[in-house]
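Down below is the structure, laid out as C-alpha cells.
The values are calculated or read from the model by the stated rules, or taken from the named source; none is laboratory data. Please read all numbers here as calculations on a predicted model, not as lab measurements. Positions of Cβ are backbone-derived with ideal geometry, glycine not excepted, and every protein chain shown enters the neighbour counts. For the accessible areas, the whole protein counts, side chains as well, though only heavy atoms, and no ligand, DNA or RNA atoms are used. Shrake-Rupley method; radii C 1.70, N 1.55, O 1.52, S 1.80 Å.
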Amino acid sequence: MIQKGLRRQPGKPTGIVGRIVGYIMDIYNREDNHWTSSLLEISETSKVLEVGFGTGLAIADAAKITTRGHVYGIELSQTMLQVAQKRNQNAIKSDRVSLQLGNVMALPFEDNYFDCVYSINCIYFWEPPTQGLAEIYRVLKPEGTVAITARNKDNEVYARWKPHLVRDLLQSSGFVDVKPLNGLNPKHPIYCAIGTKPFT
Ligand SMILES: C[S@@+](CC[C@H](N)C(=O)[O-])C[C@H]1O[C@@H](n2cnc3c(N)ncnc32)[C@H](O)[C@@H]1O
C-alpha cells in the first residue's frame, strides 16, 4: 500500500510526502531541467509553456531569457504549484511568469498562442499521450517548437518511452522535423525529442 502510494507520487506529488518527492526530484532531475532549457530556442519576447513543471527549475531558466515575453506553466499538483511559485516569486510578482493548476489533456489556453511548449519527465503520466500531444499542437503557433524530455532507459517502466517511440508519437501528432537529441551524461541517460508545428 505504502509502496503503491510512493510510486504514484511522481505523477502528482501531494502533501508532505509530495514535498519530499519534490525535494528528491529537484536534485535528481536538475540536469534534465537545465539541459532541456539550454536546448529551447526561445528569445526575450517568446511566449513559452511548461507542462508539469514540478519544482519550477526550468520555469526559472526560461524566465531568465524571456525578459519581454512570458512563461506560463501548468501542473496537476497543488503541492508542486506552491513550491514552484515560491521559487519563481519575483518573476511572478513582476508579471513575467504565470503558474496554475491544469492538465495537459485540456490545456486552458487559446489555439496558436505559444512559441514553445516543453515538458520534462512528464509524458509518462499522460493517458493517452496522443491527447496531451494534440493539445500541445493546438496551442502552439505554426513554426512553434515542442520539446519532450524523458529518461532513455531499457527497463520495463521506460520501454514505452524510448526515443524512437516518442519521435513516432510526435510525428503522428502532426509535428515535423522531429529529432530526439541525447543527453550529455551517459550515467544519467535522457533525451529530448524536439519538433516543429508546420504551417498547414
Ligand atoms: C516526475 S515529475 C517531473 C517534474 C519536473 N518536470 C522535473 O523534471 O523535475 C512529473 C510532474 O508532472 C505533473 N503531471 C503529471 N501529469 C500531468 C498532467 N496530465 N498535466 C500536467 N501536469 C502533470 C506531476 O504532478 C509532476 O509534478
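Normalised by the number of residues in the chain, what is the relative contact order in percent for Cα pairs under 8 Å and 6+ residues apart?
Across the chain, relative contact order equals 17 percent.
How much length is gained if the chain between residue 138 and residue 124 is pulled fully straight, taking 0.36 nm per residue apart and subtracting their Cα-Cα distance, in nm to one decimal?
3.0 nm
What is the Å³ per residue value for the convex hull set by the Cα atoms of the chain?
Per-residue hull volume (Cα only) is 113 Å³.
Using 17 Å as the cut-off for backbone N distance, which residues of region 107-130 belong to the label zone defined by a point 7 Å from the Cα of residue 45 along Cα→Cβ?
The answer is 113-116, whose backbone nitrogens lie closer than 17 Å to the label point.
Give a quick list of trypsin sites (Lys or Arg not before Pro) in region 134-200 that DSSP marks as loop, anything other than H, G, I, E or B, with at most 14 other Cβ atoms within 10 Å.
Here the sparse-neighbourhood loop sites are 153, 187.
Taking the solvent-accessible surface of protein heavy atoms with a 1.4 Å probe, what is the per residue accessible area of region 2-196 in Å²?
The answer is 49 Å² per residue.
Between residue 31 and residue 182, what is 0.36 nm times their sequence separation minus the Cα-Cα distance? Round to one decimal in nm.
Answer, rounded to one decimal: 53.1 nm.
Determine the calculated [θ] at 222 nm for the chain from helices alone, applying -39500 (n - 2.57) to every DSSP H run no shorter than 4 residues and normalising by the residue count; nearest 500 deg cm²/dmol.
It comes out at -11000 deg cm²/dmol, rounded to the nearest 500.
Looking at region 100-200, which GluC sites (Glu not before Pro) are DSSP coil and have at most 16 other C-beta atoms within 10 Å of their C-beta?
110
With no solvent and one point per C-alpha, what does the Debye sum give as log10 I(q)/I(0) for region 113-200 at q = 0.11, 0.18 Å⁻¹?
-0.27, -0.71
Considering only the chain, what is the antiparallel percent among its DSSP beta bridges, to the nearest 5?
Close to 40 percent.
Nothing charged except the Cβ atoms of Lys and Arg (+1) and of Asp and Glu (-1): what's the magnitude of the dipole of the chain about its Cα centre? Round to the nearest 20 debye.
580
Which residue fluctuates the most in the chain, going by a Gaussian network model with Cα springs under 10 Å, if the choices are 81, 169, 39?
In this elastic network of the chain, the residue with the biggest mean-square fluctuation among 81, 169, 39 is 39.
Pick out, in residue order, every one of the trypsin sites (Lys or Arg not before Pro) in region 10-107 that is DSSP loop and has at most 11 other C-beta atoms within 10 Å; say none if there are none.
68
May I ask you to derive the FRET efficiency for residue 19 and residue 155 from their Cβ-Cβ distance with R0 = 35 Å, giving the value to the nearest 0.05?
Calculated value: 0.80.
Determine the alpha carbon to alpha carbon distance for each of 64/93; 47/86; 64/86; 64/162 and list only those over 26 Å.
Pairs exceeding 26 Å: 64/162.
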